[in-house]
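The values are calculated or read from the model by the stated rules, or taken from the named source; none is laboratory data. What you are looking at is a predicted structure, and each value in this text was computed from that prediction instead of being measured. So basically every Cβ, Gly included, is an ideal-geometry build from the backbone, and we count neighbours across all protein chains shown.
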Amino acid sequence: MIPREKIPWFPTVDYQKCTGCRTCVDSCPHGVYGWDEGEKPRVAHPYECVVGCRYCANLCPSEAISFPPLEEIRKLMRELEASSRKG
Ligand code: SF4
Ligand code: SF4
C-alpha cells in the first residue's frame, strides 16, 4: 500500500479564474476544501482527495480547478508499488 502522501493528486485552484461560487466546497464529499475569509476556496486537506476523482473540477463553472496529468500519477504509482515490492 502506497502512503497517500506520496501521491501528488489533489486540486489546484486558479484564483484568477475562481469566482468564489463555493460549488467545489459544497460538493466535495471528502472535505478537501476549506473556505478562506477572502471568499475563496482553500485546498485544506489535499491528501483526503480521492486519486483519480475530478468531480469538483467537472462542476466548477469557471474551469478554475486543475489536476496533474493522470497518466503521470499512474506511472508514479506503478514505480512506487514496484519499489515497495522490492522492499
Ligand atoms: S467551483 Fe470553481 S469558481 Fe466556484 S469556488 Fe470552486 S474553484 Fe471557485
Ligand atoms: S476531486 Fe473529488 S475528492 Fe478531490 S477535492 Fe474534488 S470532489 Fe473532492
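Couple of notes before you dig in:
- Count - residues of the range 1-33 that are surrounded by 12 or more Cβ atoms within 10 Å (Cβ to Cβ) and without any contact (Cβ under 8 Å) to a residue 12 or more places away in the chain: 1
- Cβ-Cβ under 7 Å pairs, at least 6 apart or on other chains, the range 43-70 side on the phi < 0 side of the Ramachandran plot, far side loosely packed, with under 15 Cβ neighbours inside 10 Å and part of a helix (DSSP H, G or I): Tyr47/Arg4; Tyr47/Glu5; Tyr55/Ser27; Cys56/Ser27; Leu59/Ser27
- Only one entry in Glu72, Glu63, Glu81 is more than 14 Å from ligand 1 (Cβ to nearest atom) and at pLDDT 95 or above, namely Glu72.
- So Glu37, is it within 16 Å of the chain's Cα centre (by Cα), of a type in the set (Asp, Glu) and exposed (fewer than 14 other Cβ atoms within 10 Å of the Cβ): no
- Conditions (1) assigned to a helix (DSSP H, G or I); (2) under 29 Å from Lys75 (Cα atoms); (3) within 14 Å of ligand 2 (Cβ to nearest atom): number failed by Glu5: (3)
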